[in-house]
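Each remark here refers to the structure printed beneath this line.
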Amino acid sequence: MIAQGHPRSIGKHVPRREDPYLLRGEGRFLDDIAEPKDTLFLSFAMSPHAHARILAIRTDAASALPGVVAVYTAEDMARFVKPIRTVIEIQGYRASSRMVLAQDEVRFVGEHVAVVVAEDPYIAQDAAELIEVDYEPLPAAVRLEEADSESAPLVHEDIPRNVMFEAAFASPDFQAAFESAEMIVSETFRTGRVAGVPLEPRGCLALLDHVADSLLFYTSTQIPHLARTALSEILDFPEPRIRVVTPEVGGGFGTKAQFYTEEVVTAALALNLRRPIKWVQDRREELLTSIHARDHIYRLEAAIDGEGRIKALRTDLTTNAGAYSSYPFGCTLEATGGARMIVGPYDIRNYAFHTRAIATHTCPSGAYRGVAQPSCFMAIEGLMDRIGRKLGIDPATVRQRNLIRSEQLPYTNVLGVRYDTGSYEECLRRALERVDYWNFRKRQAEARDDDEVLRGIGICCFTEVAGAGSGGWRVRGLTKVPGFDSASIKVEPTGKVTLLVSQAAAGQGHLTTFAQVLADYLGVKVEDVFVSEGDTATAPYGTNTFASRGAVAAGGAVIKAAQSLRQKIARIAAFLLDVDVERVELTESKAIDKENPEKSVDFRQVAQIAYSMTSVALPQGESFGLEVVEMYDPPLATWPNAVHAVVVAVDRRTAKVSIEKYVVVHDSGRLINPMIVDGQIHGGIVQGIGEALMEQIVYDEDGQMLNANLLDYLMPMALDVPQIDISHIETPSIDALGGFKGVGEGGVIGAVPAVTNAVADALARTGANINRLPLRPSYLLREMRRRQLAVDGDRK
Amino acid sequence: MSQATSLRKTDVTLTINGKSYTRQVEPRRLLVDFIRHDVGLKATHIGCEHGVCGACTVRIDGRTARSCLHFAVAVQGAEIETLEGLSADGRLAGLQKAFHDAHGLQCGYCTPGVLLTAEEFLSENPEPSEQEIRAALSNNLCRCTGYVNIVKAIANAARDRDKTTADPAGESRK
Amino acid sequence: MKPAPFEFRAPVSLDGVLEEMREHGEAARILAGGQSLVPLMNLRMLQPSVLVSINHCKELSYIRAEEDGLVCGALARQWDVEHDQVAIQRCPLLVQALHHVGARSNRNRGTVCGSLAHADPLAELPAVALALDADMIAASSTGRRVVPAREFFVGALENSLRPDEILEAVRFPYAPTGSRSCFIELGNRNHGFAIAGVALEVTFGEDGRCRRARLAVMGGENIAKRASDTEVALAGSIIDEAAAREAGRLTASLVDVAGDFHADAAYRRELVAVLVERALIQVASGAAGRARSI
C-alpha cells in the first residue's frame, strides 16, 4: 500500500520527461540512428497489379547498375526465410501464408516482388525501377461487396468464397425475444477504409555483432518482444541472439503494432550478406503497404418495445480483411471485435451475431486505434438515433432507457463478459449538461426549413475494451499475443531506481507515467526513478504497447513489482532501524519508523547493505541485490466508458460540416497523469473526426490505390478541428491492479459515431439518411438531393 | 555564364546554423538529406517527401521552407537554419517551454516543423487569435495531439512573449 | 521517394537561362520555387533529364509597378507578391488568391510565375490570370512575346510555351476604380486543395450597377475557365440575390466539371453555382477587396 505521508504522484499533471530532448530535436527516431559506413539500403519493387500471375522477373539491369550489391526475388529469399503464417486458434478461421516477397502471384497493388540492396537509397530506388516483371493480369476482387460473392475471383485458392473467418452466436432466448417484440428497427451502416498514418513511416536497421554472431535490430515498432519472437521463428535464428530495440517512435496508432514483411527482409539480408542493412519506408509505400482498417458493413436489426428499449439485437457484420492475415492479429480482430463490442454499455439481454472477414485484393487490414469499435459504435449509436426518430422519442432518452444502470454493476453482458465498474448513466447525464443538450433541442425545433445552416447534435455512449490480459487474447485464439506485461525494478547501489517495463511507447509519455506509478507504490521520489523500455536486451518479456494496455498491464506489473520489492527494502530497513518490519514505511526514497518518523534510513543506505558496499553485513537469510521482475496478467479486459456529444453546423448549400462544440465525459478509471490522458483523448478524437468527415483510402475497380499520397489522403489539419471540452469521472477498476482502465483508443471510438450522428441529425429534417463514411460534402449533398428528388417526384 | 553541373557529384556549400558545410552530392540530393545525412543534423524530420506534412521545415535565408522540396544544389550558398540552431541560440526557449507546459507534443516527430512554423508566425503576429494560430498551422500535420495543445502552447507563448516585451525588467515573471 | 537523376544547370542571368533552354528545351524543366515540380519529381511522376534552376538569377525576382499593371518576374516569390504594397492596393484579387496558395512555407519559396506555368486545374493563380486577362511574357533566346492568359493555358498541366521558352514574367492589370474582387474556394478540408473555386472582379458604375464583371472558375479536371457568358449577363445589372443566384446557375451550366474521388461532378457543378453566387453577394455588399487608387 502507498504510505500515508507519501506525496502522491499518481493523478498529477507531471510534465513529461520526454519533452526537453524532443523539443530540441534530439529524439532519435529510426532514421536518426547513425548507421555504420558500410551500411546497405533496401528498395522494394512493388506490384502494379491487384492480382496477377508472375511469369518472369528479370533483374539483370537492376543488378548491373553501379552501386547495386544484390537483387533478391521470392525464389532467392525462400532459401533462408519461411513464410509468415498467422496462426489463430479459433473456429471458422482459415490461415493464409505470406512469403515476404510475392511468389508466383501478387495479391494487392504495392505487394513486394523483389528487393534491391544498394550502397545508397537513391540508387536502390533507381534499381528497383529497372526490375522487369512479366505479369499475367488476373481478375481482381477489390471491393468488399464484390469479393463477397460466389462468382468473385479467389484471393487464395484454398480459401473458398474468400471467407477467411466466419463466426456466429445467439443467446439462448434470442429468437423468441426477437419475434415477440413490438417492432423492428433496422439499418445498414458502411464505414470507410482508413489508415493510421503515423507521421514517421516505418523502418528498420539490422546490425550484426560478428563476435557474438548476433543480430541487433532497430525497428520502429510498438511490439519489440513479439517482433523478436517472430523474427526468430521465421528466420530460424536463435532468439537469444536477437536484440530488438525500438528507438523513439514517431506515432504508432496500431499501424506499428503489426509485424511486417520488410522487417523480415531487412534482418534476413543482414544475416545473409553479413552487412548492416537499413530500410526506411517512404510515404507512398506507407499508404500502400502499412495496414489499412475499418471497411466494414454492419446490418443491424433491433427488436424494440414501444418505449425504445432493445429487447433483442441482431448484427450481421462483414469486414474487409485485405489480401492476407496481418501478423499477429490476423483478420479476426475486427470481425470478432465489432460483433462482440457492439452491445456496449447497453442492457441488451438477447443478442445474435453473424460475422465474417472477407479476403480482397487490397492491402491487408489490421489493428488501427480503436480497432472495430469506432465502426460498431457508429452502427449501434446510429441505430439508437433511428429508434428515437421512429418512435418520436429523443435519442438521448432512448439511450437513458437502454443503459446499464449503476446498481446492475458489476454486470455480466449477454456474451458473458464482465464489466466490473463504470459510470454509464452519470457520463451521459453530465455530457448532456455540458453540451447544453435540451436547450439545443429547443433551438433546433425553432429552426426553419430555409435556414442556410442546418445544426445537429450527436451522441455516442460507449464502453471500450482495454488492457486485455491473457484470457482476453486466448478467447480470441490469438496465441502469439501473450496478454501479460512485466516490470523490472532495480534499486541501484546508489539508491536510485531503474525501472524497465515491457512496453514501447510512440508518444504516450511512458517514461513519465510509469515513474509516477512506481514513485507512489515503492515510496520513492519520482525524480529518483529512471524508466527505460523498448529494448529486449534489458526489458523483461511482455505483450508491448497496443489496445490501450500500457497503463493497465504494465502499470499493474509496476505495482506488483513494487509491492514485492518494498518487502525486502522494509526488512533491511527494519534491521538498520532496529524495529519490527511492520513499523517500517517507505516514502520519498526513505524508510521511516512509523512510530518515530524522525528515525529513517534512505534507499541508498539500504542499497549499500543489499549490495554489500558497507561495513554492515547483509542480514542473515537475505539475498544480495535489490532487484525484482514481476509479470502481471490483467483481467479478461478493463472497461473504460465515455460519452461524446457533438454539435455540428452543415451549410445547406455546400454540405460542408463544421464542428461547433465537442464535449467528452470520460471514465478510464484511475488517472495516472490527467494531462497525458487528455492528450490521448484529443488525438484520438481528431483521428475520429478525420475518419468520419474526410479520410478514405480509395481503390479503383482495378485495385489501383488512387490516393497513396498526403495531398489526396486527407487528414484533419488544425483548421478542421474544434476545441474539445473534456471532463473525467474516475471509477477505478476493481478487477485490475491500481484501478487503471486504459485510455489510448477512447477518443477515436467516441468521435466517429458522435460526429456521424450529429451530421445525420442536422440533415434529418431534409429527409437524408446518412449511413456511410466518410461524410464528405459531395456525399451529403447527394443524399439531400436524392431525398428532395423523391419528394418532388411524389408531388408530381 | 552557367554554373554547369551534371549527373556527377558536385560540391555544394551551405551555411547551416552559422557554420559552413561543403559536401559532394548529386544534383538530385534533397536538401533534407543533405542536412540529415551529409551533415548529420537530425532534428529536421522526413514525413512525406512531397511537401504536405511540414515535418521537414527549415529556414532558408531567414524564411521557413520545406527542405524535402529543395535540391541542395539549387540553394547553393544559402543560409539554412534548423531546429538545432534556433534551439541552441535560445530563440525558441519561450516556445519550447510553452510546449512542455501545455503538453503540446506527443511523439515529437512533427514538433521541429511546428516549432519553426510557430516561431516565424509569432515574430510577425505577436497577438494572434486562435483562428490565426490554426491557419498558421494549416500545413503542419500532427497525428497525435489533435492540435488542441499545440494551439494552446502557441497562444501561451505569445502571451508570455508579450509580457516579456511589455515588461523588459521581467518583474512580472515568476 | 527520391527523384531520378538529372543534369543540373544554374545560370546566373536570364540570357544564360534562355541559352540553356535553347539547347535542352524538350528535355528540360525550369526550377523556380519547386513547390509543384519537386513533389512530382520525388514521386518520380516527372523525370526531366535537365533541370534549369533560375534561383540564382536575381534579375528575375522583381515585382514592378508599371503603368499598365503589376509585373512579377519569374523569380518573384508568392509571399513577396502577397505583401507587396502595390499588389495589396491595386491587385486585390491576386493577393486574396495568394492567401489560399499552400502554406506560408510554400509561399516563401513558390513563385507566381511557377504556379502559372505549372497550370494545375485546382491552382488559384491561373484562375486569377484568366479572370484579369493577365499578360504572360514568354521569352526565348530568339525574343519575347506576350501571350494573353486565355491562350497561355491549354489544359491541365499544359501551357502554350514552346520548349525553348520560359515564362519570364506576368503582368496583372490593376483593378479599375470602383471595382471590388473576391476569391473563394471550398475543399474537403478548410485549407488545401479545393473542390472548386472562383476568382471574381466586378467594376461598379456610379449608379451601383455592374459595369464590368470578370469571372473565372476552377473545379474541373481541366484548367480554370473564364465564364464569359456570365460576365455578359451581369454587365449593366444590379447585383442582388436573385441576379447572383442566376449568375451562379448560368456559370455552373457552362463549366467543364469532372468527378473524382474527392467530389462527384454534380457536386462540383452545384458548388460552382454557390461559390459564384456568394462571391457576387460579397462584392455587391462591399465586404470584398476593394482597389484603392493611388
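The values are calculated or read from the model by the stated rules, or taken from the named source; none is laboratory data. Since we're looking at a predicted model, the values are computed, not measured. No Cβ is skipped: glycine too gets one built from the backbone with ideal geometry, and neighbour counts run over all protein chains shown. Surface accessibility is based on the protein's heavy atoms, side chains included, excluding ligands, DNA and RNA. Shrake-Rupley method; radii C 1.70, N 1.55, O 1.52, S 1.80 Å.
Of the helices (runs of 4 or more DSSP H) entirely within the stretch A:37-154, those holding at least 2 residues that are touching a residue at least 24 places away in the same chain (Cβ under 8 Å), open to solvent by 40 Å² or more (accessible area, probe 1.4 Å) and under 22 Å from A:Gln281 (Cα atoms) occupy A:121-130. When you scan the stretch C:151-172, do you find a residue that is farther than 26 Å from C:Glu20 by Cα, at pLDDT 95 or above and more than 11 Å from the chain's Cα centre (by Cα), even just one? The answer is no, given that none of the residues of the stretch C:151-172 is farther than 26 Å from C:Glu20 by Cα, at pLDDT 95 or above and more than 11 Å from the chain's Cα centre (by Cα). Residue count for the stretch B:137-167 under the criterion of being part of a helix (DSSP H, G or I), of a type outside the set (Val, Ile, Thr) and either modelled with pLDDT under 95 or open to solvent by 30 Å² or more (accessible area, probe 1.4 Å) (or both): the result is 9.
Does A:His644 meet the test of being under 21 Å from A:Gly254 (Cβ atoms) and either over 28 Å from the mean Cα position of the chain (by Cα) or assigned to a helix (DSSP H, G or I) (or both)? Spelling it out, it is not the case that A:His644 is under 21 Å from A:Gly254 (Cβ atoms) and either over 28 Å from the mean Cα position of the chain (by Cα) or assigned to a helix (DSSP H, G or I) (or both). Set side by side, the residues C:Arg145, C:Arg180 differ, and just one is basic (Lys, Arg), touching a residue at least 24 places away in the same chain (Cβ under 8 Å) and more than 17 Å from C:Val81 (Cα to Cα), which is C:Arg180. Here the strands (runs of 3 or more DSSP E) wholly within the stretch B:1-112 that include at least 3 residues being under 30 Å from B:Lys163 (Cα atoms) are B:57-60, B:63-66. Restricting the search to strands (runs of 3 or more DSSP E) fully inside the stretch A:270-366 and requiring at least 1 residues that are acidic (Asp, Glu) gives A:296-304, A:310-322. Taken over the stretch A:584-594, the residue count meeting the criterion of being surrounded by fewer than 19 Cβ atoms within 10 Å (Cβ to Cβ) and touching a helix residue (DSSP H, G or I) at 6+ places or on another chain (Cβ under 7 Å) is 1. Among the residues of the stretch A:236-283, those that are within 14 Å of chain B (Cβ to nearest Cβ) and of a type in the set (Ser, Thr, Tyr) comprise A:Thr246, A:Thr255. I'd like the residue in the stretch B:96-136 that is more than 8 Å from chain A (Cβ to nearest Cβ) and of a type in the set (Ser, Thr, Tyr) and, out of all such residues, is surrounded by the most Cβ atoms within 10 Å (Cβ to Cβ). Selected residue: B:Thr117. Looking at A:Glu263, is it in contact with a Phe, Trp or Tyr (Cβ under 9 Å, 6 or more places away or on another chain), on the phi < 0 side of the Ramachandran plot, surrounded by 24 or more Cβ atoms within 10 Å (Cβ to Cβ) and charged (D, E, K, R)? For A:Glu263, the condition - in contact with a Phe, Trp or Tyr (Cβ under 9 Å, 6 or more places away or on another chain), on the phi < 0 side of the Ramachandran plot, surrounded by 24 or more Cβ atoms within 10 Å (Cβ to Cβ) and charged (D, E, K, R) - is met.
Of all the residues that make up the stretch A:367-418, how many are among the aromatic types (Phe, Trp, Tyr) and in a helix (DSSP H, G or I)?
1
Of everything in the stretch C:10-50 that is open to solvent by 40 Å² or more (accessible area, probe 1.4 Å) and under 15 Å from C:Gly73 (Cβ atoms), the residue that is nearest to the other protein chains (Cβ to nearest Cβ) is C:Val12. If you check A:Arg401 against the conditions, is it open to solvent by 10 Å² or more (accessible area, probe 1.4 Å), at negative phi and free of Cβ contacts under 8 Å to residues at least 40 places away in the same chain? Considered against the rule, which asks whether it is open to solvent by 10 Å² or more (accessible area, probe 1.4 Å), at negative phi and free of Cβ contacts under 8 Å to residues at least 40 places away in the same chain, A:Arg401 comes out as no.
Candidates C:Ala199, C:Ala216, C:Ala194: the one that is within 30 Å of A:Met717 (Cβ to Cβ), within 14 Å of chain B (Cβ to nearest Cβ) and in contact with a strand residue (DSSP E or B) (Cβ under 8 Å, 6 or more places away or on another chain) is C:Ala194. Which residues, counting only those in the stretch C:219-242, are within 20 Å of the chain's Cα centre (by Cα) and either within 14 Å of chain A (Cβ to nearest Cβ) or not in a strand (DSSP E or B) (or both)? Scanning the stretch C:219-242 gives C:Gly219, C:Gly220, C:Glu221, C:Asn222, C:Ile223, C:Ala224, C:Ala227, C:Ser228, C:Thr230, C:Glu231.
The residues of the stretch B:46-95 that are more than 10 Å from chain C (Cβ to nearest Cβ) and without any contact (Cβ under 8 Å) to a residue 24 or more places away in the chain, listed by number, are B:Asp89, B:Gly90, B:Ala93. Give the residue that is farthest from the other protein chains (Cβ to nearest Cβ), with candidates limited to residues of the stretch A:711-739 that are among the acidic types (Asp, Glu), open to solvent by 30 Å² or more (accessible area, probe 1.4 Å) and more than 30 Å from A:Tyr521 (Cα to Cα). Only one residue fits best here, namely A:Asp725. A count restricted to the stretch A:478-530 and to residues that are within 29 Å of the chain's Cα centre (by Cα) and at negative phi stands at 36.
Can we say A:Lys12 is open to solvent by 30 Å² or more (accessible area, probe 1.4 Å), within 14 Å of chain B (Cβ to nearest Cβ) and part of a loop (DSSP other than H, G, I, E, B)?
Spelling it out, A:Lys12 is indeed open to solvent by 30 Å² or more (accessible area, probe 1.4 Å), within 14 Å of chain B (Cβ to nearest Cβ) and part of a loop (DSSP other than H, G, I, E, B).
In the stretch A:681-707, the qualifying residues are those that are in contact with a Leu (Cβ under 8 Å, 6 or more places away or on another chain), assigned to a loop (DSSP other than H, G, I, E, B) and within 9 Å of another protein chain (Cβ to nearest Cβ), and the one that is nearest to B:Val52 (Cα to Cα) is A:Asn707.
Among all residues of the stretch A:235-252, there is none that is of a type in the set (Gly, Ala, Ser), over 21 Å from the mean Cα position of the chain (by Cα) and modelled with pLDDT of 95 or more. Could you tell me whether any residue of the stretch A:455-465 is touching a helix residue (DSSP H, G or I) at 6+ places or on another chain (Cβ under 9 Å), more than 22 Å from A:Tyr662 (Cβ to Cβ), touching a residue at least 24 places away in the same chain (Cβ under 8 Å) and in the same structural domain as A:Pro732 (by TED's automatic domain parsing)? Yes - at least one qualifying residue is present in the stretch A:455-465.
Out of the residues in the stretch A:695-710 that are more than 16 Å from A:Arg776 (Cα to Cα) and among the polar types (S, T, N, Q), state the one that is least open to solvent (accessible area, probe 1.4 Å). Per the criteria, the residue is A:Asn709.
Which count do you get for residues in the stretch A:47-69 that are small (Gly, Ala, Ser) and touching a Ser or Thr at 6+ places or on another chain (Cβ under 9 Å)?
Taking the stretch A:47-69 as the starting set, the residues that turn out to be small (Gly, Ala, Ser) are A:47, A:50, A:52, A:56, A:61-64, A:67.
Checking the rest, the ones that are also touching a Ser or Thr at 6+ places or on another chain (Cβ under 9 Å) come to A:50.
Result for the stretch A:47-69: 1.
Out of curiosity, is B:Ile35 among the aliphatic types (A, V, I, L, M) and open to solvent by 10 Å² or more (accessible area, probe 1.4 Å)? Judged against the criteria, B:Ile35 is not a match.
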